[in-house]
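Asks: Have a look at this one.
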């Protein structure tokens with residue numbers, strides 16, 4: 001998913017009022033392997049349960065409980081069979097053939113067929129999901145028989161299989177697609193079914209075990225309840241009261257307190273924090289068109305200090321936007337820019353700005369005060385004056401992408417390679433609002449898109465190194481994401497999503 005919507009929403013957590021929270025079920029995870037009810041906390045409620053409007057990230061468990069995806073993303077970082085048992089591309093990677101399971105039944109009694117999959121994929125492509133663009137490159141969809149689906153792409157898409165493990169790959173019963181209540185009464189083939197009578201939309205979602213599920217080995221519980229805990233305090237209180245078995249922690253401020261309560265912190269690094277130097281063409285800020293200025297900005301930051309001050313010292317300093325699980329990742333690029341104000345001033349002087357310049361950036365209550373203040377101070381130390389404009393939390397992303405600002409502090413997901421390229425680097429990328437192009441980057445992209453796997457991996461590393469050298473961004477650190485589980489529950493986190501897969505929760509034996 002383009003998880004910036006979910007990530008951006010976390011900025012506004014403090015401004016959200018908790019609308020209510022159902023308590024954990026009395027038979028919650030017992031720890032004896034017998035299942036019971038798994039009660040989870042999630043920071044964001046789904047806007048709809050219609051798969052054509054689905055989102056992923058922190059909203060994933062609401063959908064994954066009731067719907068299966070075509071393919072499965074694993075904690076090991078692999079893509080495995082799920083509703084599709086096999087897949088293969090043609091020679092130029094533009095035609096993907098999927099073979100479907102023949103034993104899958106939806107909870108309304110209808111069966112999985114190729115035609116059902118085609119209907120779902122087309123509906124998602126044409127739907128309201130913010131991730132509908134993932135299927136924009138689909139030229140045609142065909143189901144020659146009940147167990148085969150053929151997807152023809154206009155051009156190779158190295159991230160396409162990954163998309164099918166997420167919201168574009170959700171498959172609902174064809175009988176439900178035209179239902180008036182599909183937004184609140186989803187019908188899937190997943191491990192659980194939504195109990196609409198027990199569910200309070202926006203507050204608590206109750207799922208019961210699908211007794212006819214095709215893969216009972218991953219049904220570790222008799223039911224699942226997901227409570228919406230928008231505020232960090234609400235999540236902490238639910239932990240202390242034993243009202244949940246697992247919950248996403250919005251911040252790392254209370255990890256010691258959570259661990260003292262006997263809980264386990266399951267850590268992963270999915271996001272990075274830092275500056276987006278968006279106006280690399282110098283349209284609004286002419287200074288940013290000079291690579292020396294962008295490099296100077298990178299040398300201006302004390303990343304270790306920023307990690308301690310705004311990241312609770314939980315994470316890893318870095319100067320690259322590709323994640324450690326990426327083919328593009330190079331550990332040496334985590335320290336490409338050191339904290340060197342003198343070098344920053346020297347580069348600014350060489351670029352023709354010995355007295356510095358003024359840089360406009362957005363801020364707001366959703367960002368807190370610590371990060372904007374430290375960014376302003378450290379840039380001022382090298383001669384760059386930050387001129388902040390107050391922006392309301394619900395307008396922050398829209399204003400950034402308008403684009404109204406040449407640079408901004410931000411938290412963004414480190415997507416898999418090709419997905420990140422089309423999220424942050426490509427001329428059409430969402431987080432390239434000035435549509436900046438570099439011929440060398442375009443060539444790297446072409447080689448990755450049309451190359452074989454070995455070429456894709458090697459060129460991705462070259463692209464990453466070039467982006468760092470050219471200082472397209474000024475990352476500070478990879479953020480430790482923290483998912484807490486109680487003494488009765490285990491979970492494995494995913495390297496490609498903020499919320500663990502529903503199948504990866506288990507009662508402790």
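Asks: Can you show me the helix-derived [θ] at 222 nm for the chain, built from DSSP H runs with n ≥ 4 at -39,500 (n - 2.57) apiece and divided by the number of residues, rounded to the nearest 500.
Replies: Helix contribution divided over all residues of the chain: -6500 deg cm²/dmol.
Asks: Sticking with this one: Arranged by the count of other C-beta atoms within 10 angstrom, fewest first, what order do 279, 108 take?
Replies: Going from sparsest to densest Cβ surroundings: 108, 279.
Asks: Place a label point 7 angstrom from the Cα of residue 102 along the Cα-to-Cβ direction, then list the residues of the range 112-145 whose backbone nitrogen is under 20 Å away.
Replies: 112-118, 143-145, by backbone N distance to the label point.
Asks: Helix 370-380 versus the longest principal axis of the chain: what angle, 0 to 90°, nearest 10, using Cα atoms?
Replies: 30
Asks: On C-alpha positions alone, give me the angle between the axis of helix 114-125 and the longest principal axis of the chain, in degrees, nearest 10.
Replies: It works out to around 30 degrees.
Asks: Determine, for 424, 445, the number of other Cβ atoms within 10 Å of each Cβ, and report the residues in order from fewest to most.
Replies: Final ranking by Cβ density, sparse to dense: 445, 424.
Asks: Once the piece of chain linking residue 313 and residue 111 is laid out straight, how much longer is it, given 0.36 nm per residue of separation minus the C-alpha distance between them?
Replies: 67.7 nm
Asks: Sticking with this one: Return a whole-number percent for the relative contact order of the range 208-278, with Cα pairs under 8 Å and 6 or more residues apart as the contact set.
Replies: In percent, rounded to a whole number, it is 20.
Asks: A further question follows. Shape verdict for the range 156-254, please, from the Cα gyration tensor: rounded (a/c under 1.5), prolate (a/b greater than b/c) or oblate.
Replies: Prolate, since a/c reaches 1.5 and a/b exceeds b/c.
Asks: Follow-up. Counting each pair of different Cα atoms once, what's the Kirkwood radius of the range 337-391 in Å, rounded to one decimal?
Replies: 12.0
Asks: Here's something else I'd like to know. For each of 56, 82, count neighbouring Cβ atoms within 10 Å of the residue's Cβ, then give the residues from fewest to most.
Replies: 82, 56
Asks: Contour minus end-to-end for residue 435 and residue 394, with contour as 0.36 nm per residue of separation and end-to-end as the Cα-Cα distance?
Replies: 12.4 nm
Asks: Kindly state, to the nearest 0.05, the FRET efficiency for residue 233 paired with residue 208, given R0 = 41 Å and r defined as their beta-carbon distance.
Replies: Computed FRET efficiency for residue 233 and residue 208 comes out at 0.85.
Asks: Between the alpha-carbon centers of the range 293-336 and the range 70-113, tell me the distance in whole angstrom.
Replies: 37
Asks: Calculate log10 I(q)/I(0) of the range 127-181 for q = 0.20, 0.24, 0.26, 0.28 Å⁻¹, where I(q) comes from the Debye formula with a single equal point scatterer on each Cα and nothing for solvent.
Replies: Debye intensities relative to I(0), on a log10 scale: -0.92, -1.19, -1.27, -1.31.
Asks: Follow-up question, since we're still on this one. Grab the Cα-Cα distance for residue 177 and residue 253, subtract it from 0.36 nm times how many residues apart they are, and report the gain in nm with one decimal.
Replies: 23.1 nm
Asks: Quick one: grab the alpha carbon gyration tensor of the chain, order the square roots of its eigenvalues as a ≥ b ≥ c, and give me rounded if a/c is under 1.5, else prolate or oblate depending on whether a/b is larger than b/c.
Replies: oblate
Asks: Mind pulling the angle between the C-alpha long axis of helix 453-469 and the longest principal axis of the chain? Nearest 10 degrees, somewhere in 0 to 90.
Replies: 40
Asks: Can you classify the range 361-490 as rounded, prolate or oblate using the Cα gyration tensor, where a ≥ b ≥ c are the square roots of its eigenvalues, rounded means a/c under 1.5, and otherwise it's prolate if a/b beats b/c and oblate if not?
Replies: oblate
The numbers here are math on the coordinates, done by the rules we state, and not lab data. These numbers come from a predicted model, not from an experiment. Positions of Cβ are generated from backbone atoms using ideal geometry, with glycine treated the same way; all protein chains shown enter the neighbour counts.
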